Amino acid sequence: MPRETIAIAGATGFVGRVLINSLLPQHNIIGLTRGTLPGPCVLNPGHPCPVKWRTCDLYSLSHCEHSLIDVDLQFILFIPCCPPQN
């Protein structure tokens, strides 16, 4: 059976990192970030990063649709205070 792919918005935060560490042995993880993609592995510095990163503006339906291609399950771990002012 193929491993499920899980996307996590808020993956670089405290809860996101704990969730990633608990899911990694059994699942493929995609970390969603609104800004620039993280450089070195934020989970285990100095080691190859097991997380694939994608940018995603959660206030944009088209960004979400594009970022969640081939994703089986998603976790949204952020507090929406107000959308960005464009």
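The values are calculated or read from the model by the stated rules, or taken from the named source; none is laboratory data. Just so it is clear, the structure is predicted and the values come from calculations on it, not from any experiment. Please note: Cβ atoms are built from the backbone with ideal geometry, for glycine as well, and neighbour counts cover all protein chains shown.
Descriptive notes on the structure:
- The set of residues in region 1-16 being outside any loop (DSSP other than H, G, I, E, B) and either at pLDDT below 85 or not hydroxyl-bearing (S, T, Y) (or both) consists of I6, A7, I8, A9, F14, V15, G16.
- Residues in region 1-37 that are over 10 Å from L77 (Cβ atoms) and in contact (Cβ under 8 Å) with a residue 60 or more places away in the chain were compared, and the one that is nearest to the chain's Cα centre (by Cα) is A7.
- Residue in region 41-51 that is within 17 Å of E4 (Cα to Cα), in a strand (DSSP E or B) and at pLDDT below 90 present: yes
- Exactly one residue out of L73, L24, L19, L61 is at pLDDT 85 or above and crowded, with 17+ Cβ neighbours inside 10 Å: that is L19.
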